[in-house]
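To start, the structure under review is shown below, and the notes come after it.
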Amino acid sequence: MTSPTLTRPELTAADRCDRCGAAAQVRAILRTGGELLFCGHHARAHESKLKELDAEIDRN
């Protein structure tokens with residue numbers, strides 16, 4: 001028997017950037033299990049730090 005795989009839902013127009021409230025275009029999934037949503041601008045601004053944290057970046 002295989003265990004089910006959990007997937008995260010696609011980002012929708014209702015999903016907002018955690019920094020500014022604009023439409024979210026990027027989901028950063030942290031190793032600790034948390035996630036952050038960013039607009040394109042803030043995703044680029046925080047990209048290097050997210051890479052340092054080994055976050056999984058999901059761009060929609």
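Read-outs throughout are calculated quantities, based only on the coordinates presented, and are distinct from any laboratory measurement. Here the structure is a predicted model, which is why all the values come from computation and not from measurement. Note that each Cβ is placed from the backbone with ideal geometry, even for glycine, and that neighbours are counted across all protein chains shown.
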Relative contact order of the chain, defined on C-alpha pairs under 8 angstrom at six or more residues apart (%): 31
Under the Karplus curve 6.51 cos²θ - 1.76 cosθ + 1.60, θ = phi - 60°, whole-Hz ³J(HN,Hα) for the stretch 46-60, x wherever Gly or Pro sits: 10, 4, 5, 5, 5, 5, 4, 7, 6, 6, 7, 9, 10, 9, 9
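Taking the Cα centre of the chain as origin, work out the dipole magnitude from +1 charges on Lys and Arg Cβ and -1 charges on Asp and Glu Cβ, in debye rounded to 20. Could you put the intermediate results ahead of the total?
Values: 9 positive and 9 negative charges, 26 e Å.
Dipole about the Cα centre, nearest 20: 120 debye.
Can you give the local net charge around Ala24? Use residues other than it whose beta-carbon is closer than 14 angstrom to its beta-carbon, Lys and Arg +1, Asp and Glu -1.
Values: positive: Arg8, Arg16, Arg19, Arg27, Arg44, Arg59; negative: Glu10, Asp15, Asp18, Glu35, Asp58.
Taking every Cβ under 14 Å from that of Ala24, the sum is +1.
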Unpartnered cysteines - no second Cys beta carbon under 4.7 Å - across the chain: Cys20
Integer Hz, Karplus 6.51/-1.76/1.60 couplings in order for the stretch 14-21, x for Gly and Pro: 7, 7, 10, 4, 6, 8, 10, x
Three semi-axes of the equivalent ellipsoid, the chain, Cα gyration tensor, whole Å, largest first: 22, 16, 8
